[in-house]
Structures are given as C-alpha cells and as structure tokens.
1. Give me the strands (runs of 3 or more DSSP E) completely within the range 115-216, filtered to those with at least 3 residues that are at pLDDT below 85 and assigned by TED's automatic domain parsing to the domain that holds residue 43, ordered by residue number.
2. Within the range 355-390, restricting attention to residues that are within 25 Å of the chain's Cα centre (by Cα) and part of a loop (DSSP other than H, G, I, E, B), which residue is nearest to residue 318 (Cα to Cα)?
3. Which of the residues belonging to the range 232-263 are under 20 Å from the mean Cα position of the chain (by Cα) and either at pLDDT below 90 or surrounded by fewer than 24 Cβ atoms within 10 Å (Cβ to Cβ) (or both)?
4. Looking at the range 313-354, which of the residues that are of a type in the set (Lys, Arg) and not in a helix (DSSP H, G or I) is nearest to the chain's Cα centre (by Cα)?
5. Can you find, within the range 296-347, the residue that is surrounded by the fewest Cβ atoms within 10 Å (Cβ to Cβ) among those that are closer than 19 Å to residue 364 by Cβ and of a type in the set (Lys, Arg)?
6. Please enumerate the residues belonging to the range 225-240 that are closer than 17 Å to residue 268 by Cα and not in a loop (DSSP other than H, G, I, E, B).
7. Scan the range 197-205 and tell me whether some residue there is basic (Lys, Arg) and buried (at least 24 other Cβ atoms within 10 Å of the Cβ).
8. When you scan the range 364-381, how many residues do you find that are at pLDDT below 85 and of a type in the set (Ser, Thr, Tyr)?
Amino acid sequence: MRTLITCICPVILLLGCSSTEVKEFSQPPLITLESKSFTATEVESLDEIFALTDEMKSQLDEAFALRKGDLSATKRLMMFLLNNGDKTVRYQSGATLTAAQTYHQLNANCLSLSILAYSMAEHLGLRAQVQRVHIPEYWALNRGYNLLTGHINLKLDTPKRTRGNVLEVYNAQRQVIVDFAPDISGTEFKTTPISKERVAAMYYNNKGASALVNNDLPTAYSYFKAAIDIDPYYSGGWGNLGILFRVASEFDNAEAAYEYALAIDSNNNTALGNLAILYRLTERENQAEAIESQLAQKRRENPYYQIALGNESIVKKEYSAALRYFRKARELDDKIHESYFGIAHTYYLMGDIKAATKYLKMAQKTAQFDYDKKRYQGKLATLGLIAQNH
C-alpha cells in the first residue's frame, strides 16, 4: 500500500505532528537535497500563496467598512465563501489554490478555502490562527496511490465583543472556529496551532502529491522540496519526498527521507509503511514484515484502513478479499458510505448487478453530502440501464 500524505480538509498530505514545544533534531539529510534525477524549479512563494489582490482588498474594505475588526463580520464573510463555492468539495487533483485563485474560482479544497479565509480575516483586522485537527487516519484511492488525508480549521478572535452566530462553532466568548468540513467539525478532536510556514508546506505537499499522481515527477520534486525548505520539520513533506525518490529508484535518498520523517514524528505511520515497502524492494523481508505487523495492530480498528485495503484488493482483482475488508469496515462503523460503495463496486466487478444496486442504495442513503448522494444516484441510473439490457 503506497500512501501519500495530503490535506483535503478533509485535503493530499500526511499531516506531520506539530507542537508548541521546541524539539531538537539532527540536520536534515543532505543526500535528499541533491537528487540525481531532478532539478527543483521555482514555485509559488509564501507571500503569493496568501496574497489578496488590490481588487479583493477594495471589495472587502467596501463590504465591511463599518465592521472592520469586528468578529460579527465573520458570519457574513464565511457565508459568502460557502454560498459561492462548493460546500461538498473534497480532495481533487489540481484543487489546491492560492488565496487569490480560490477567491475567483471558489471550487477548491478546504486547505485553499482556509488559506483564503485566513488572508481575508487578517485584512479585516481579525486575529487568525490555523489549527491542525487530529482526525483518525483516512485514505482515498487515486490512480493507484492511497492518499492519506488530513484536516485543518481556522480560529478567529478579537478583543472586541462578539455578536450573532458564526459559521461553525463558538469556542469562547471572543473566539470563533471556522471549519469547511461540517462532517468533521461537529466532533471534538484535539487541535494544534500551526504556523503559516506549515500551512504553506501543506500547500506544496498537496501540489506535489497531485503532480506525482499525474506522473509529473519533476514538478512533484519541486513542490516537495519547497515543502521541506519552508518547514524542515514537516514530517509529511519528508515522507512524500521519500515516495518520489522510491518511484525514481533513488533508494538511498528514499530511505534517508523516510528515516528523517520518522525522526521528526515517530507516529508518522505512513512514512513507516512506505519504509516497509522500500525494505521489500531492497530484499529486507524480515524488517518489512516487522513493520507491517506493527502497523496492522495499530490500524485494525480503523474502518478507513479496512476500506483502503479493500480498494487495494479491487486493484489486484482479489474480490473475495475486498468484500471481507469492506464488510469489516462496515462492522467497525456502519455510518461510513464508502464501505457500502466498496461492497457495491466489488459486486459490480463480479457481475452481480442486483447486489451492486442494493449496496449502492445503502451508500446513497448513508452519504451526508449532496455531492456524494448525486454521484451515487448517477451510478444507480447506470446500473438500472445495465439491468434492463440483461
């Protein structure tokens, strides 16, 4: 299982552990900074990622002339973003945008929307703090890569009084949490403040992962390198850089990147799992098996991991195994629509249209977002046409 880290909010990126505590690490391995295969090219700067255009600033100044610096303006600001965008957006290739791009397109992932909201809030005189949300490991399959997704939200506060209701949650009398993933934000997960540099590293990581999925390895290298350059202690960036090196057969570089990712964050299970893959490629079976056994124990109660294994089994055309994994995921949590869809997909590939239709209806019923419900409705219509022709 080759896994990339991404932040979909729920954004591509394995979110590295962030802490207010200062940690001492050895210097990053220089070997990973000198690829034999790639030369880094220029990418968007930190300022470019967060910048608002003069036109955007003028529009904000005009719209919020009487409420600049007032937290009560947050509701109107965030509802503007949601009403003009896609409330159901999930990770998509190419959906990671700068603040200015997001403002004009408003069809972006949560990371991009959070970047835009951060910059707009700052311009309006609010104090903004991006937070990593510590959600359980969650995977999505894209072109043979398991994308491990993460999540962030935005905390806004001001010394002035607050009025009215705001987008997601009141955290305190003078504090609002802005969250673009309502299915996640309703749950009490631990949060950790992260810097603008870490957010930029996540942005680069998403862009690099998207390039890697599309087999644009030079671009992927440029973005992954930008991620570790702006935030050398971002474990997810090092882990994804390791995947790129492995794909390019730079095994020494890959191992150095994985090991440094783990030195930064010993709980980076994705880097650990990818290290096991590298061990198998370099004929170190015993070390690979030890890691795989350790990770299986950690993840056996995670329904999303079972779904990821099911998706892998489908790719391998091991349909009986896929059904076992998807059913296990459903046993662990019967409210996850992806497990029902996995069962439906497997039955479809096995030629059982009746069973596929049954479980696709269950997936549609369980889905929370209109986007997913409509997607399943389209698939049901297709299955109906197939059934009529048999």
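The values are calculated or read from the model by the stated rules, or taken from the named source; none is laboratory data. Source: prediction; values computed, not measured. Glycine also receives a Cβ, built like all others from the backbone with ideal geometry; neighbour counts cover every protein chain displayed.
1. In the range 115-216, 127-142, 145-157, 169-172, 175-178 are the strands (runs of 3 or more DSSP E) which contain 3 or more residues that are at pLDDT below 85 and assigned by TED's automatic domain parsing to the domain that holds residue 43.
2. Among those that are within 25 Å of the chain's Cα centre (by Cα) and part of a loop (DSSP other than H, G, I, E, B), it is 367.
3. 232, 233, 262, listed by residue number.
4. It comes out as 335.
5. Only one residue fits best here, namely 335.
6. Result: 227, 228, 235, 236, 237, 238, 239, 240.
7. yes
8. So the count comes out to 1.
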